[in-house]
Amino acid sequence: MADREGKDLPPSLPHEEELTFRYSREERLSMAPPRDGSRIDSRPFWRNTSLMILLLDVVVIVIMALIYHFFLAPRDWEVIASGYVWRLEAVSYQGRILGSVKVRRDDERVVPVQVLGYAGFQKEELSSSGEPLFSGIAGEGEGPWVFTFSLPLPESDSQSPTIYVLLQVGQETFLLSREPRRID
């Protein structure tokens, strides 16, 4: 016998035999350790670290979103200005919208301020040029101070419309808005 270059190969040794492979599934299974199922079925999710990290990421993101939504998000019905916290409350009752602007001090060193309030259902129609719906002075005496007002409920809307209150506090002007709660 010759290789590729034409050189003779040594003859095979007499004791070399051709290898044979035998496979018996039953024999292999009989040598396997007994399966109790505890390793496969117990906590399969926690064995996979990628899935565990993914789950923890999702949980952290959901918790952060809930904290922002309930505690940190700005509210349209509350504003801090001129050293006071201004909060709009409104309810719909017997064809009218009853509203109040509650004021409390945010800082003890604030001075009393003149407040003029204009309310309506369209923020484009609100202006500080007409007659104010309510007026008063916040900051005199003990707080909190409450300014109340009442508006007729528009007949065209079946639901309570959003109410807008334009507050003129000293030289500052800011807008509060809220959808009234229904009390029937």
**Residues being part of a helix (DSSP H, G or I) and either surrounded by 10 or more Cβ atoms within 10 Å (Cβ to Cβ) or touching a helix residue (DSSP H, G or I) at 6+ places or on another chain (Cβ under 9 Å) (or both) - total across segment 59-94** = 10
**Request:** Tally the residues that are assigned to a strand (DSSP E or B) and of a type in the set (Lys, Arg), restricting the search to segment 95-145.
**Result:** 4
**Request:** With the checklist (1) at pLDDT below 80; (2) under 18 Å from residue 99 (Cα atoms) in hand, flag the one item residue 116 doesn't pass.
**Result:** (1)
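Kindly indicate which of 126, 98, 166 is within 22 Å of residue 74 (Cβ to Cβ) and modelled with pLDDT of 85 or more.
Numbers: 126 fails: modelled with pLDDT of 85 or more; 98 fails: within 22 Å of residue 74 (Cβ to Cβ).
Every option except 166 fails the conditions.
The values are calculated or read from the model by the stated rules, or taken from the named source; none is laboratory data. All of these numbers come straight from a predicted model, not from anything done at the bench. Please note: Cβ atoms are built from the backbone with ideal geometry, for glycine as well, and neighbour counts cover all protein chains shown.
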